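First up is the structure itself, then whatever we jot down about it.
The values are calculated or read from the model by the stated rules, or taken from the named source; none is laboratory data. Remember, predicted model here, so these are calculated numbers, not experimental data. Virtual Cβ from ideal backbone geometry, glycine too; neighbours counted across all protein chains shown.
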Amino acid sequence: MHDLSPLWPLAGGALIGIAAGVLLLFNGRIAGISDLAAKATGLADEGFRLPGLVFVIGLIGGAFVASTLIRKPEIVLSGSTLQIVVAGLLVGFGARLGSGCTSGHGVCGMARLSRRSIAATMIFMGTAFVTVFVTRHVFGGM
Amino acid sequence: MRLLVSLISGLLFGIGLTISDMINPARVTGFLDLAGAWDPSAAFVFAGALTFSGLAFFLAKRRSAPLLDDRFHFTAKARIDRPLVIGSILFGLGWGLSGFCPGPVLAALTSFQGNVAIFALAMFAGMTIFRFLPARNVVKDDN
């Protein structure tokens with residue numbers, strides 16, 4: 001994997017922040033992808049919500065447009081099928097139980113200075129750091 | 001109108017995830033690998049994102065309502081409760097094991113890679129399990 005000039009992450013991050021800002025200032029909503037994905041698929045407690053589906057379609061569309069016209073990314077997902085399935089289950093279940101993920105808690109909740117989001121972000125970041133450490137440096141490269 | 005905003009917001013978000021390379025789980029695990037060849041990219045992504053989301057919430061606090069709705073839709077929850085803590089741990093585990101979280105994996109579906117689709121399906125399965133857990137007190141969040 002090649003080194004990446006910090007300009008790309010900064011610019012991409014800015015767009016993410018602007019996207020969240022747009023959804024907030026116009027629609028008054030938090031850009032939390034786990035919540036929006038649940039609404040898009042009818043898995044939210046309130047069921048299916050069309051704005052969620054429209055957002056997800058936009059997200060996938062934006063990714064397609066960007067990878068075609070701006071920058072084609074390498075997408076490298078390693079691990080056995082079992083590991084991928086377990087990770088997916090944990091991410092899906094955990095985000096719903098924890099009321100959010102990196103976008104909802106990390107980008108929006110923290111910007112809002114929400115205690116819950118600051119706590120959630122610290123907890124999932126810390127857990128993720130430890131998980132990578134254990135799988136790569138204790139069990140040798142999972 | 002609000003649907004158009006949802007679409008535009010999603011588009012910007014998807015473009016951002018792609019050009020920042022957060023769509024690439026290996027880039028994210030590089031950031032999470034503090035003891036290894038550390039990749040700071042995700043830190044720059046958060047910095048860029050929080051700059052603008054921070055500005056947006058600063059502006060929002062000064063308003064009683066957003067532009068296209070009669071109120072802001074924030075959770076009423078304030079306590080750091082057990083579901084938040086446990087959910088965040090589980091999420092962090094899954095994120096650390098893969099480098100994927102909901103936004104990036106949806107964006108990465110555009111690569112048509114089978115293992116990405118498997119992760120996405122498993123993620124939705126995890127959400128489904130949560131949705132239909134028996135004895136879950138569904139406290140209606142006035143959101």
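Pick from B:PHE91, B:PHE52, B:PHE58: which is out of contact with any Pro (no Cβ under 9 Å at 6 or more places or on another chain), surrounded by 24 or more Cβ atoms within 10 Å (Cβ to Cβ) and assigned to a helix (DSSP H, G or I)? Spell out the reasoning first.
Details: B:PHE52 fails: surrounded by 24 or more Cβ atoms within 10 Å (Cβ to Cβ); B:PHE58 fails: surrounded by 24 or more Cβ atoms within 10 Å (Cβ to Cβ).
Unique residue meeting the criteria: B:PHE91.
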In the range A:1-34, residue modelled with the highest pLDDT [restricted to those that are more than 7 Å from chain B (Cβ to nearest Cβ) and surrounded by fewer than 24 Cβ atoms within 10 Å (Cβ to Cβ)]:
A:LEU7
Suppose we filter B:SER64, B:SER53 for residues that are more than 7 Å from chain A (Cβ to nearest Cβ) and small (Gly, Ala, Ser); which single one remains?
B:SER64
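One line per residue, one yes/no per condition, for (1) surrounded by fewer than 24 Cβ atoms within 10 Å (Cβ to Cβ); (2) part of a helix (DSSP H, G or I):
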| site | (1), (2) |
| --- | --- |
| B:ALA26 | yes, yes |
| B:THR29 | no, yes |
| B:LEU34 | yes, no |
| B:ALA37 | yes, no |
| B:ALA47 | yes, yes |
| B:PRO66 | yes, no |
| B:ALA78 | yes, no |
| B:PRO83 | yes, yes |
| B:ALA120 | yes, yes |
